[in-house]
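The values are calculated or read from the model by the stated rules, or taken from the named source; none is laboratory data. Quick caveat, the model's predicted, so the values are computed rather than measured. Heads up, the Cβs are rebuilt from the backbone with ideal geometry, glycines too, and the neighbour counts pull from every protein chain shown. All accessible areas refer to the heavy atoms of the entire protein, side chains included, with ligands and DNA or RNA removed. Shrake-Rupley method; radii C 1.70, N 1.55, O 1.52, S 1.80 Å.
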Amino acid sequence: MKFTFVTLFSNLIEGYFQDSILKRAIDKNLLEIEYLNPRDFSENKHSKVDDTAVGGGAGMVMNPQPLYDSLKELQKADEDVHIIFLTPVAKPFRQNDAKRLAKKEHIAFVSGRYEGIDERVIEEFADEVFSIGDYILTGGELASLVICDAVSRNIEGVLGNSGSLEVESFETPLLEAPSFSKPQEYENNSVPSEYLKGNHSNIRSIKLALSECKTKFFRPEQLLKHRTRKSYEK
Ligand code: SAM
């Protein structure tokens, strides 16, 4: 899978691929990362990429020309590239999007800066737009990394143990049960005693009960979804 980051600030992104799972995936040729800087395409003699907003309003907006030309170039190199714009004004990114996008061959993330991107560019080029939550970041770089990371771990071979994908939160409406590591006793705190007895059917039902508790506390709407699904299965 190839990811192209269309950004004015690639150095904000590069470090993330220099260690751990995604670095190993690059080393194994499972991932390829490329950067495209709209500033390199600017026709302005000072390589400007932004201007004041037409119609007024605070702050600067990214001009259409540098982005338009960089994205045309990208499409010329690969007409099947799937272009995603990051914007708070979009549907929220979810785990099922991560799984769906993991089947693509080439995804490009377009990061906005300042007050955002001229809407005409988004309308012309976006295959999809995503928000990563109801808050405003200074730019789309973190948001594109979040999506890239979530997509990458669903690509076959990227995770050492693909079994971990099957039991994670958001695979079902229930959040994952709490996990514990060794030692069994730490600072006068023990792991749940049933986890130690080796009866796997007991452990499964205790994990389910703990999962339901967590979901009820943190995401009650998800528990409702779980219960509705269960009642349809009966
Ligand atoms: N003026 C815009 C608004 O109120 O909707 C916010 C612009 S924000 C300061 C600059 C850029 O950061 C956006 O163009 C987008 O690429 C990125 N960004 C900010 N928050 C985001 C979020 N929650 N999800 C995805 N991208 C975001």
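Couple of notes before you dig in:
- Unique match (being within 14 Å of the ligand (Cβ to nearest atom) and open to solvent by less than 40 Å² (accessible area, probe 1.4 Å)) among Glu119, Glu141: Glu141
- In the stretch 134-152, residue nearest to Thr7 (Cα to Cα) [restricted to those that are small (Gly, Ala, Ser) and out of contact with any Lys or Arg (no Cβ under 7 Å at 6 or more places or on another chain)]: Gly140
- Looking across the stretch 13-49, just one residue is open to solvent by 100 Å² or more (accessible area, probe 1.4 Å), closer than 26 Å to Met62 by Cβ and in contact (Cβ under 8 Å) with a residue 60 or more places away in the chain, and that is Tyr16.
- Restricting the stretch 41-100 to residues that are part of a strand (DSSP E or B) and either within 24 Å of Arg153 (Cα to Cα) or in contact with a helix residue (DSSP H, G or I) (Cβ under 6 Å, 6 or more places away or on another chain) (or both) leaves a set whose member that is farthest from the ligand (Cβ to nearest atom) is His82.
- Criterion violated by Ser111 - all others in (1) open to solvent by 40 Å² or more (accessible area, probe 1.4 Å); (2) near the ligand (Cβ under 8 Å from one of its atoms); (3) hydroxyl-bearing (Ser, Thr, Tyr) satisfied: (1)
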